[in-house]
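A short worksheet on the structure shown next.
Laboratory data are not the source of any read-out in this text; all were calculated from the coordinates shown. The model shown is predicted, which means the values in this text are computed figures rather than measured ones. We place every Cβ from the backbone using ideal geometry, glycine too, and count neighbours over all the protein chains shown.
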Amino acid sequence: MESHGLKTVYIAFASDAFRNGFLDNQYTQLLQLQDENEPKFVLQVATLFLEDSEKLLNELRGILDKQDVDFEKLDACVRKLIGSSASIGAKRIKNTCLAFHNCCKEGSKEGCLKCLQHLAQERLLVKSKLETLFKLEKWILAAGASVPVLSQ
Amino acid sequence: MAVDAEAQFHVLAVDDSLMDRKLIERLLKTSSFQVTTVDSGSKALEVLGLKEDQTSTSALSPEHNEIEVNLVITDYCMPGMTGYDLLKKIKESSSLKDIPVVIMSSENVPSRINRCLEEGAEEFFLKPVQLSDMRRLRPHILKGKYKEQQLHQEENSNTNHIIVGSSNNNTMSNKRKAMDEEVLSERTRLRFSSSSLNVI
C-alpha cells in the first residue's frame, strides 16, 4: 500500500521533471545502465556531475571577475559544462550553456554574467529534482518494493 | 584457432573526467568488455607497456604491467597529452600500431574528426556515448585479429585452408558480413588500404 503511493509520486515527479526539461532521455539511458551489479550508478554519476558543475561555475565566476575577461577561457569552460550536462541529461543546463556560449562569442560581459546567474539557478533546480528522485527511490526500496522503470 | 565469438575483449578507456570514466566503464562492462580506465594519455601508454619516449615496448622492463589490450577508446580533449597525441604515439609504435583506437569528443568538429581518422583512428564517437555505440567496437577488434590470423595463414603457406581450420566457418563468415556492414557505416571514413576483408 505504502509503496504504491510512493511509486505514484515517483512517476508523477519524474514525468514532471522530464516535461519541464530538467532531465531528458539521456537520464533514462543512464537508469537503464543501472542494475543489481551497480545499483548506485546513477547516484554516483549525478553526484559527480553536481561536483563538476559547481567547480566549473566557480571557475566561470573567477574568469568574469577579472577586469579583462578572457572570453576564450570562459568559452572553453562553458563547453566543458555543455559536455557534462549532456552526459547526465541535464537539458536546461545544457541549453543555458548554449546561450552562454553565444555571449562568449559576442564578447558580451553583461550577457555572460546573466547567463552565469541563470546557470547557478538551473543547477540548484536540477540538484533539487535529482535529490528528490533519489530520496523517493530510497523510500520505495525501503518499503520492499522496486523502483518503477521510467521510459521516454 | 578460431576467434571465439564470445571472447571477452579488453578495452583501455582514457578520459580525464571522472564522471566520463564512470560512464564509459559502465557502458563497456554492460557490453561484456573487460575494462581498464586511466585518466591520462601518459598513464595509458604505461598500461600499454610503452614509455612516452619509446617507440617499441621493451620486453626487458619487468616493472611494466603489460596486459593485453584489444582496443583503446580515448577522449580527445585532455590536458597534457590529447587523445590525438595518444593516437599518434600508438600508431607510431611498432608493437602497438595494430591496436584499434576510437576517439570520443563532446564537440562535433569535422576537421578534428578527419584529423583523427587520417591518423588511423577507427571511429569517432560523439559524446554522450550510447550503448549502441559499443556494438561498433567488436568489429574493429575482430578485424585486427582476422588480419593477424591471415598473416599466420600466409606464414604457414597452407593454401588449402579457407579461413580458420578448426571450427565454425559459418560463424566466421557471418561475423565477417556483420563486420563489413559495421565498417561501412556512415560515421566511419573508409580506409581500404590495409583491407583484409577480401572474400577468399
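Treating each Cα of the range B:66-109 as an identical point scatterer and summing with the Debye formula, the log10 of I(q)/I(0) at q = 0.17, 0.20, 0.29 Å⁻¹ comes to -0.48, -0.64, -1.09.
Extent of the range A:51-105 along its three principal axes (Cα atoms, max minus min coordinate, largest first): 34, 23, 14 Å.
What is the ratio of the Cα radius of gyration of the range A:96-152 to 2.2 N^0.38 Å, where N is its residue count, to two decimals? Don't skip to the end; give the middle numbers.
Working: Rg = 18.0 Å, N = 57, 2.2 N^0.38 = 10.2 Å.
For the range A:96-152, the normalised Cα radius of gyration comes out at 1.76.
Take every Cα pair under 8 Å whose residues are at least 6 apart in sequence, average their separation, divide by the length of chain A, and the relative contact order is 35 percent.
With a Förster radius of 41 Å applied to the C-beta separation of residue A:55 and residue B:94, the computed FRET efficiency comes to 0.50. When only alpha carbons are used to place a centre, the range B:30-47 and the range A:1-34 end up 33 Å from one another.
Taking the number of other C-beta atoms within 10 Å as the exposure measure, put B:89, A:135, A:7 in order starting with the fewest. Walk me through the intermediate numbers first.
Working: B:89 22, A:135 12, A:7 18.
The order, fewest Cβ neighbours first, is A:135, A:7, B:89.
A quarter of the convex hull surface defined by the alpha-carbon atoms of the range A:1-75 gives 7.5 nm² as the mean projection.
Report the far tail of the P(r) of chain A, meaning the percent of Cα-Cα pairs longer than 27 Å. Roughly 30 percent, rounded to a whole number.
For the range A:49-152, a crude dipole built from +1 on the beta carbon of Lys and Arg and -1 on the beta carbon of Asp and Glu, taken about the Cα centre, is about 320 debye to the nearest 20.
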